[in-house]
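For reference, the structure discussed in these notes is given below.
The values are calculated or read from the model by the stated rules, or taken from the named source; none is laboratory data. Here the structure is a predicted model, which means the values were calculated and not measured. Backbone-built Cβ (ideal geometry, glycine too); neighbour counts: all protein chains shown.
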Amino acid sequence: MEAKTIIQTKDLARIYRMGNETIHALRSVSISISKGEYVAFMGPSGSGKSTLMNIVGCLDTPSAGSYILNGKDVSNMTDNELAEIRNKEIGFVFQTFNLLPRSSSLENVALPLVYAGYSKSVREERAMQALESVGLGSRARHKPNELSGGQRQRVAIARALVNDPSIILADEPTGNLDTKTSYEIMDLFENLYAKGNTIIMVTHEEDIAKYAHRIVRLRDGLIESDVVNTEVRTHHNEVV
């Protein structure tokens, strides 16, 4: 059975106008990603990788070209439609964690379910399951300032998982973490991938990109290379 295509872009372009200047952030990007893949977008600053991730994540729309996400054409959707798709289809993990400081881990993880309209008991149950899946069940009542950087990122990953999204989008997920913690977080992503999650990660760090099973390199708004990573890095550390 062929894997289902979950992301399909054709000739994506994104142009920004700043005063008299026209910036071609993406020129013509066609990419296809199947369910269950683990892909890294790489490239130097200004290569277009963040723009591509924003479009794939339905945070931005292309100036030209098409984007089909899970069978739906999202290229020309309104902001409200995009917000709904984002909440259903995409789990985000950011470099800066983006957690609410006054809320507990459990409340932070349950947040996407509030928007989705679930009852409190369902929200708490699912949020707890997500926290347990990242090894943080015992920290459910802790607030972000009572957690280490690595634990905060795990809470953010649990929040990304709680809606059972089609894809997990991770933007420089280890950017604010020390080396050892970075590897622990990458081990966690490897476990999520092994369970069948589709993961797309944006990074400029070669050693982090090596955890992905496919590496797409961008330069000047174009895909420079798109290769299977034959030397996937795994650490097999026990998650503590």
Can you tell me which residue is nearest to the chain's Cα centre (by Cα) among those in region 181-229 that are closer than 18 Å to Gly36 by Cβ and of a type in the set (Ser, Thr, Tyr)? Thr198
Members of region 57-74 that are crowded, with 18+ Cβ neighbours inside 10 Å and either of a type in the set (Phe, Trp, Tyr) or without any contact (Cβ under 8 Å) to a residue 24 or more places away in the chain (or both): Tyr67, Val74
Condition broken by Thr22, with the remaining ones in (1) at pLDDT below 95; (2) assigned to a strand (DSSP E or B); (3) within 24 Å of Thr198 (Cα to Cα) satisfied: (3)
Picked from region 144-192 (must be under 27 Å from Ile85 (Cβ atoms) and small (Gly, Ala, Ser)), the residue surrounded by the fewest Cβ atoms within 10 Å (Cβ to Cβ) is Gly175
The condition from (1) in a helix (DSSP H, G or I); (2) out of contact with any His (no Cβ under 6 Å at 6 or more places or on another chain); (3) more than 15 Å from Ile90 (Cα to Cα) that Ala156 misses is numbered (3)
Only one residue in Ser75, Ser28 is in contact with a Phe, Trp or Tyr (Cβ under 6 Å, 6 or more places away or on another chain) and either within 24 Å of Glu224 (Cα to Cα) or basic (Lys, Arg) (or both). Which one? Ser75
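Mind checking whether some residue in region 177-189 is free of Cβ contacts under 8 Å to residues at least 24 places away in the same chain and hydroxyl-bearing (Ser, Thr, Tyr)?
Applying the first criterion (free of Cβ contacts under 8 Å to residues at least 24 places away in the same chain) to region 177-189 yields 179-180.
Okay, now just the ones that are also hydroxyl-bearing (Ser, Thr, Tyr), so 179.
Yes, the conditions are met somewhere in region 177-189.
Could you list all residues from region 127-161 that are hydrophobic (A, V, I, L, M, F, W, C) and either within 19 Å of Ile199 (Cα to Cα) or touching a residue at least 60 places away in the same chain (Cβ under 8 Å) (or both)? Full working, then the answer.
So the first thing to find is which residues in region 127-161 are hydrophobic (A, V, I, L, M, F, W, C), and the list is 127-128, 130-131, 134, 136, 140, 147, 155-158, 160-161.
Once the filter is applied, which keeps residues that are hydrophobic (A, V, I, L, M, F, W, C) and either within 19 Å of Ile199 (Cα to Cα) or touching a residue at least 60 places away in the same chain (Cβ under 8 Å) (or both), region 127-161 yields Ala130, Leu131, Val134, Val155, Ala156, Ile157, Ala158, Ala160, Leu161.
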Please go through (1) in contact with a helix residue (DSSP H, G or I) (Cβ under 8 Å, 6 or more places away or on another chain); (2) of a type outside the set (D, E, K, R); (3) farther than 29 Å from Lys180 by Cα; (4) not in a loop (DSSP other than H, G, I, E, B) for Met77 and return the number of the only condition it doesn't satisfy. (4)
Top-ranked residue of region 37-74 - restricted to ones that are of a type in the set (Val, Ile, Thr) and part of a loop (DSSP other than H, G, I, E, B), ranked as farthest from Asp207 (Cα to Cα): Val74
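Could you say whether any residue in region 106-126 is charged (D, E, K, R), within 24 Å of Tyr193 (Cβ to Cβ), surrounded by fewer than 18 Cβ atoms within 10 Å (Cβ to Cβ) and more than 19 Å from the chain's Cα centre (by Cα)? Walk me through how you get there before you give the answer.
Residues of region 106-126 that are charged (D, E, K, R), as a first pass: 107, 120, 123-126.
From what's left, within 24 Å of Tyr193 (Cβ to Cβ): 126.
From the residues that got through so far, the ones that are surrounded by fewer than 18 Cβ atoms within 10 Å (Cβ to Cβ) too are none.
No; the residues of region 106-126 include none that is charged (D, E, K, R), within 24 Å of Tyr193 (Cβ to Cβ), surrounded by fewer than 18 Cβ atoms within 10 Å (Cβ to Cβ) and more than 19 Å from the chain's Cα centre (by Cα).
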